[in-house]
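K.L.:
Take a look at this one; I'll ask things after.
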Amino acid sequence: MLGYCSVYIFMQTFMIPGTIFMSLLAGALFGVCKGIILVVFTATAGASSCYFLSKIIGRPLAGWLWPEKLRFFQAEIAKRREKLLNYMLFLRITPTLPNTFINLASPIVDIPFHIFFFATLFGLIPASFITVRAGLALGDPEISQGSV
């Protein structure tokens, strides 16, 4: 379990693709309840690490990778400053912007960490539930062979 959590947090921190497979693996290895808790915890921890890493060195990288998207995000944040938690929850629940971009750009556009953290923590639950359940189904030999 410690190895799983370490790999997931590392992948999320450094924006390495494949965390969806790690979420599927959580369902197959740990079941639904423990899998969801692990995925939400590790995804939030990794996203938070990415947030702080970006706060230190992310501005040039984000400006180089996504200049237009960053300006758009900055404008959207400015318009929604009063209800920023709701907007961030919306972004986490819907695929409007990729999570990688949100993790990297949030400190650059001055989203406070506590809002980023809670939006990430609660916003990742629906997608985590779906992927962990799918991983459980894939890990169950009876379900994956088609017999019920």
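K.L.:
Test of understanding: among ILE37, ILE57, ILE20, which residue is within 20 Å of ASP110 (Cα to Cα), in a helix (DSSP H, G or I) and not charged (D, E, K, R)?
P.N.:
Result: ILE57 is the single residue among ILE37, ILE57, ILE20 that is within 20 Å of ASP110 (Cα to Cα), in a helix (DSSP H, G or I) and not charged (D, E, K, R).
K.L.:
Only residues that are at pLDDT 95 or above, over 21 Å from LEU53 (Cβ atoms) and either polar (S, T, N, Q) or touching a strand residue (DSSP E or B) at 6+ places or on another chain (Cβ under 6 Å) (or both): list them for the stretch 70-124, please.
P.N.:
Matches in the stretch 70-124: ASN86 only.
K.L.:
While we're on this one: Filtering the stretch 75-103 down to residues that are assigned to a helix (DSSP H, G or I) and within 11 Å of the chain's Cα centre (by Cα), which residue is surrounded by the fewest Cβ atoms within 10 Å (Cβ to Cβ)? I'd like the intermediate steps shown before the answer.
P.N.:
Filtering the stretch 75-103 down to residues assigned to a helix (DSSP H, G or I) leaves 75-79, 81-93, 99-103.
Going one step further and asking which of them are within 11 Å of the chain's Cα centre (by Cα), we end up with 91-93, 99-103.
Working: LEU91: 21, ARG92: 25, ILE93: 15, ASN99: 20, THR100: 17, PHE101: 17, ILE102: 23, ASN103: 24.
Residue satisfying both the conditions and the ranking: ILE93.
K.L.:
When you look at THR13, is it closer than 30 Å to LEU138 by Cα, surrounded by fewer than 21 Cβ atoms within 10 Å (Cβ to Cβ), under 18 Å from the mean Cα position of the chain (by Cα) and among the hydroxyl-bearing types (Ser, Thr, Tyr), yes or no?
P.N.:
Working: closer than 30 Å to LEU138 by Cα: yes; surrounded by fewer than 21 Cβ atoms within 10 Å (Cβ to Cβ): yes; under 18 Å from the mean Cα position of the chain (by Cα): yes; among the hydroxyl-bearing types (Ser, Thr, Tyr): yes.
Yes; evaluated as a whole, the condition is true for this residue.
K.L.:
Then there's this: Have a look at ALA137, ALA127 and point out the one that is closer than 30 Å to ALA28 by Cα, among the small types (Gly, Ala, Ser) and surrounded by fewer than 18 Cβ atoms within 10 Å (Cβ to Cβ).
P.N.:
After applying the criteria, what remains is ALA137.
K.L.:
Sticking with this one: Restricting to the stretch 16-43, and then to whatever is under 24 Å from PHE101 (Cβ atoms) and among the aromatic types (Phe, Trp, Tyr), can you tell me which residue is surrounded by the fewest Cβ atoms within 10 Å (Cβ to Cβ)?
P.N.:
Only one residue fits best here, namely PHE21.
K.L.:
Could you count how many residues in the stretch 1-17 are part of a helix (DSSP H, G or I) and either among the β-branched types (Val, Ile, Thr) or over 13 Å from PHE30 (Cβ atoms) (or both)?
P.N.:
So the count comes out to 7.
The values are calculated or read from the model by the stated rules, or taken from the named source; none is laboratory data. It should be emphasised that the depicted structure is a prediction, and the values quoted were computed from it without experimental measurement. For neighbour counting, all protein chains shown are included, and Cβ atoms are generated from backbone atoms with ideal geometry for every residue, glycine included.
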